[in-house]
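Notes follow once the structure below has been shown.
The values are calculated or read from the model by the stated rules, or taken from the named source; none is laboratory data. These numbers come from a predicted model, not from an experiment. In this analysis, Cβ positions are derived from the backbone assuming ideal geometry, glycine residues included, and neighbour counts consider all displayed protein chains. Please note that ligands, DNA and RNA were not included when accessible areas were found on the heavy atoms of the full protein model with its side chains. Shrake-Rupley method; radii C 1.70, N 1.55, O 1.52, S 1.80 Å.
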Amino acid sequence: QVQLVESGGGLVQPGGSLRLSCAASRNSFSINYMGWYRQAPGKQRELVATVTSGGSTNYADSVKGRFTISRDNAKNTVYLEMNSLNPEDTAVYYCKARRWASDYWGQGTQVTVSS
């Protein structure tokens, strides 16, 4: 099993920034990609961004130019730098890792954007 531990969520004003972190458990390996998803109240969970072990990234259109995903392969950690946040970004953000065709999810971290 891959265990994912997220941190960095919180309350931020519109236009502000947050940086989320997600660390996979030690002894994890062969993680093909890691990513961030989010689920707002009353909404379906949606893809935010992904990054492969090779560094290729993919972003949802709604966050392009504002969010940056990065990965430290040595630490099996993925980051999501979120800038220019707006209330529509309010959601529970979940980290996901894919390993050997299996998906693993973090516990989720709340991001609230409100003035």
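Restricting Ser17, Ser25, Ser21 to residues that are open to solvent by 40 Å² or more (accessible area, probe 1.4 Å) and touching a residue at least 12 places away in the same chain (Cβ under 8 Å) narrows the list to Ser17. Applying the criterion of being over 24 Å from Gly15 (Cβ atoms), open to solvent by 60 Å² or more (accessible area, probe 1.4 Å) and among the charged types (D, E, K, R) to the residues of the stretch 59-102, the residue that is farthest from the chain's Cα centre (by Cα) is Lys75.
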